[in-house]
Amino acid sequence: MFDIELPASEAATSDLEEQVMGLIINSGNARSCAYEALALAKQGNFEQAEEVMQAARAALNEAHLVQTQLIEQDQGEGKTKMTLIMVHAQDHLMTSMLARELIGELIQVYKRLSEK
């Protein structure tokens, strides 16, 4: 119908907002999958837990791609506007990565305990 072109600064802000939301959404999905996998492992369903952990890895990979794009755009020169939501998104990514790693270890502990 109508094509509305945003001024370059507004378009850049919109793109940045989309990237930040991509970080938050993918990180949140990864963390949710990791905790779901932990619940499955507690029930002794290790095969399904591993499948869900693969989904967590895939979501984190997507988030990491967004983070890489942001880093490339900034080029280490402070070009990217640092906002509270950007810090929040990075925090989500870091905690999700940590959760996935620790939950992976916990799943291995549950697996060993089930073998005894």
> Between LYS79 and GLU101, what FRET efficiency follows from the Cβ-Cβ distance if R0 is 41 Å, with the result rounded to 0.05?
Replying inline: 0.85
> What relative contact order, as a whole-number percentage, does the chain give when Cα pairs under 8 Å and 6 or more residues apart are counted?
Replying inline: 38 percent
>> I need the phi-derived Karplus couplings for the stretch 59-76: 6.51 cos²θ - 1.76 cosθ + 1.60, θ = phi - 60°, integer Hz, Gly and Pro marked x.
In response: 5, 5, 4, 4, 4, 5, 4, 5, 4, 4, 4, 4, 5, 5, 5, 6, 6, x
> According to the square roots a ≥ b ≥ c of the eigenvalues of the Cα gyration tensor, what is the shape class of the stretch 59-116, taking rounded for a/c under 1.5, prolate for a/b larger than b/c otherwise, and oblate for the remainder?
Replying inline: prolate
>> Taking a cut-off of 23 Å, what percent of all Cα-Cα pairs in the chain are separated by more than that?
In response: 43 percent
>> Within 15 Å, Cβ to Cβ, of ALA55, how many net charges do the neighbouring residues add up to if Lys/Arg are +1 and Asp/Glu are -1?
In response: -2
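Taken together, the values in this text are just the output of simple stated rules run on the coordinates, not laboratory data. On a predicted model such as this, the values are computed, not experimentally measured, just so you know. For neighbour counting, all protein chains shown are included, and Cβ atoms are generated from backbone atoms with ideal geometry for every residue, glycine included.
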